[in-house]
1. Which of the following residues is touching a Pro at 6+ places or on another chain (Cβ under 6 Å) and either at pLDDT 95 or above or open to solvent by less than 70 Å² (accessible area, probe 1.4 Å) (or both): Val70, Val28?
2. Having 1 or more residues that are open to solvent by 50 Å² or more (accessible area, probe 1.4 Å), out of contact with any Asp or Glu (no Cβ under 7 Å at 6 or more places or on another chain) and of a type in the set (A, V, I, L, M) is the bar; report the helices (runs of 4 or more DSSP H) wholly within the range 144-186 that clear it.
3. Could you please find all residues in the range 35-46 being touching a helix residue (DSSP H, G or I) at 6+ places or on another chain (Cβ under 6 Å) and either open to solvent by 70 Å² or more (accessible area, probe 1.4 Å) or at pLDDT below 80 (or both)?
4. Just to verify a result, which residue in the range 89-98, among those that are open to solvent by 50 Å² or more (accessible area, probe 1.4 Å) and either out of contact with any helix residue (DSSP H, G or I) (no Cβ under 7 Å at 6 or more places or on another chain) or small (Gly, Ala, Ser) (or both), is farthest from Leu54 (Cα to Cα)?
5. Report the residue count in the range 193-208 for those that are at pLDDT 60 or above and open to solvent by less than 10 Å² (accessible area, probe 1.4 Å).
6. Cβ-Cβ under 6 Å, sequence separation 6+ or interchain: first residue in the range 153-175 and without any contact (Cβ under 8 Å) to a residue 60 or more places away in the chain, partner assigned to a helix (DSSP H, G or I) and open to solvent by 70 Å² or more (accessible area, probe 1.4 Å). Which pairs?
7. State all residues of the range 99-143 that are aliphatic (A, V, I, L, M), surrounded by 14 or more Cβ atoms within 10 Å (Cβ to Cβ) and modelled with pLDDT under 90; if no residue qualifies, say none.
Amino acid sequence: MSLYSDYPAARTRQIIADIVGVISVIVVVTIAASIAAAIRTLAAFGRDLETAGLDFQAGLLDAADALGDVPVIGDGIRAPFDAAASAGQSVADAGRGQQQLVEFIAVSVGWSVALVPLLLIALIWLVPRVRFARRSGRMRAMIARGLTVDTLAARALARAPLGQLVAVHPDPAAAWRSQQPDLLRDLAAIELRRAGIRPSAVSGAVQQGH
C-alpha cells in the first residue's frame, strides 16, 4: 500500500490533508469530551445527595443500636430509628439514580456531538485517502507482475476524465488503436498519475511499450 503520490504537488496536498484530518479528529474528540465532562459536573448534586443519605442512615442505625441495648424497652425504642434509616437509604438511592442519569446524558450528548463531524471527516478525508492508497498499491503490484503500457492506456480510456484524454489526442480511442508508442505512453501516464506513480519510477511498464 502506497500512502502518498510520487508527484510533489499531489504529495504535498495529501500530507496537508492528513494533517488537517488528524487535527480535525482531535478537535472534535476534545470538544465532545469537554461537553461530556461539563455535563458530568451536574452529578455533584447526586453525589452529595447519596453521601447525605448514607450519613443520615448510618447515624440513625448507630442510634438504634445504642438504644437497642436498653433493657426491656430497647427493641421498641429502636424501631422508629430503623424505619427512619430506611428513608436515608432511599435518599442515597435517589442520589445514585441522579448520577446514573447524568452519566447517560453525558455519554449520549458526547457521542452525538462527535459522531456527525467524525462521519463527515471520514467521508471527506479518510475514505478518499484509503481509496488512493489501495489504488496505488494495486497498480504497483500489477506493474510488478508485468502490466504493460498497452493495458495501462486501455485503463486510462475507461477511467480517466475526457479532458485529460483529449489533451493527448483529439480521438483518444483512435490513438490507442494506432498503437503508436508515444501516444500509448502518454495515455498510460494518465492512468499512472491517477495512482500517484511517476512513469520514470516504474521499471518496465511505461518504458517497454506493448
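The values are calculated or read from the model by the stated rules, or taken from the named source; none is laboratory data. Bear in mind the structure is a predicted one, so any value in this text is a computation, not a measurement. Quick reminder, even Gly has a Cβ in these numbers, built from the backbone with ideal geometry, and neighbours come from all protein chains shown. Each accessible area value is taken on the protein alone, full model and side chains, heavy atoms only, with ligands, DNA and RNA left out. Shrake-Rupley method; radii C 1.70, N 1.55, O 1.52, S 1.80 Å.
1. Criteria check complete, one pass: Val28.
2. It comes to 149-159, 162-168.
3. Hits for the range 35-46 are Arg40, Leu42.
4. Only one residue tops the list, namely Ala94.
5. 3
6. Close Cβ pairs (under 6 Å, with a partner that is assigned to a helix (DSSP H, G or I) and open to solvent by 70 Å² or more (accessible area, probe 1.4 Å)) amount to Ala153/Trp176; Leu157/Trp176; Val168/Asp186.
7. Met139, Met142, Ile143
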